[in-house]
């Protein structure tokens, strides 16, 4: 088993991977307890997989993992959220999907008082809720 941490926007190389066997990656984000598990089959073709994570208030964030096998060099795994919301106004903003009762995952007091400088990762929690 190999474990490690990759900061947002950074890359890491793992050299102990055998692409002839199934690989499981546990993916977690800062401020999101728990992990989402990505299973990569042996000798994969390119694919994407949706992972569900929950913040400390149990609000759901869906991220997408993209996997591309690079012949002879390894696997490239990218994890991203469908949307990044950046508040450059200096005004306190709280985001919520229309038709959903709860606020978007990942928002805490820092957002309500406009002190959050990092982008807010956003995904629609209910695809049928918005018009």
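The values are calculated or read from the model by the stated rules, or taken from the named source; none is laboratory data. Computed from a predicted structure; not experimentally measured. As a convention, Cβ positions derive from the backbone with ideal geometry for all residues, glycine included, and neighbour counts pool all protein chains shown.
I'd like to know if segment 39-49 contains one or more residues that are part of a strand (DSSP E or B) and surrounded by 15 or more Cβ atoms within 10 Å (Cβ to Cβ).
At the first step, the residues of segment 39-49 found to be part of a strand (DSSP E or B) are 39-40, 47-49.
Those left that are additionally surrounded by 15 or more Cβ atoms within 10 Å (Cβ to Cβ): 40, 49.
Checked against the condition, which is being part of a strand (DSSP E or B) and surrounded by 15 or more Cβ atoms within 10 Å (Cβ to Cβ), segment 39-49 yields at least one hit.
Got at least one residue in segment 105-124 being surrounded by 15 or more Cβ atoms within 10 Å (Cβ to Cβ), at pLDDT 75 or above and farther than 27 Å from residue 25 by Cβ? Break it down into steps so the answer makes sense when it comes.
Start the filter on segment 105-124 by keeping residues that are surrounded by 15 or more Cβ atoms within 10 Å (Cβ to Cβ), which leaves 105-107, 111, 116, 120-124.
From what is left, the residues that are at pLDDT 75 or above are 105-107, 120-124.
Still in the running and farther than 27 Å from residue 25 by Cβ: none.
Checked segment 105-124: no residue is surrounded by 15 or more Cβ atoms within 10 Å (Cβ to Cβ), at pLDDT 75 or above and farther than 27 Å from residue 25 by Cβ.
Collect the residues in segment 61-86 that are modelled with pLDDT of 85 or more, in a strand (DSSP E or B) and more than 16 Å from residue 45 (Cα to Cα), keeping them in residue-number order. Walk me through it before giving the result.
Keep residues of segment 61-86 that are modelled with pLDDT of 85 or more, which gives 61-68, 76-84.
Applying the additional criterion that residues be in a strand (DSSP E or B) yields 61-68, 76-80, 83-84.
Within segment 61-86, 61, 62, 63, 64, 79, 80, 83, 84 qualify.
Only a single item in (1) in a strand (DSSP E or B); (2) more than 15 Å from residue 122 (Cβ to Cβ) is not met by residue 20, and it is number (1). In this structure, does residue 9 turn out to be in a loop (DSSP other than H, G, I, E, B) and closer than 30 Å to residue 100 by Cβ? Judged against the criteria, residue 9 is a match.
If you go through segment 37-56, how many residues are farther than 17 Å from residue 68 by Cβ and at pLDDT below 90?
2
Scan segment 71-94 for residues that are out of contact with any helix residue (DSSP H, G or I) (no Cβ under 8 Å at 6 or more places or on another chain) and in contact (Cβ under 8 Å) with a residue 12 or more places away in the chain and the total you get is 15.
For the structure I just gave you, tell me whether residue 52 is touching a strand residue (DSSP E or B) at 6+ places or on another chain (Cβ under 6 Å), surrounded by 11 or more Cβ atoms within 10 Å (Cβ to Cβ) and closer than 23 Å to residue 119 by Cβ. The answer is yes for residue 52.
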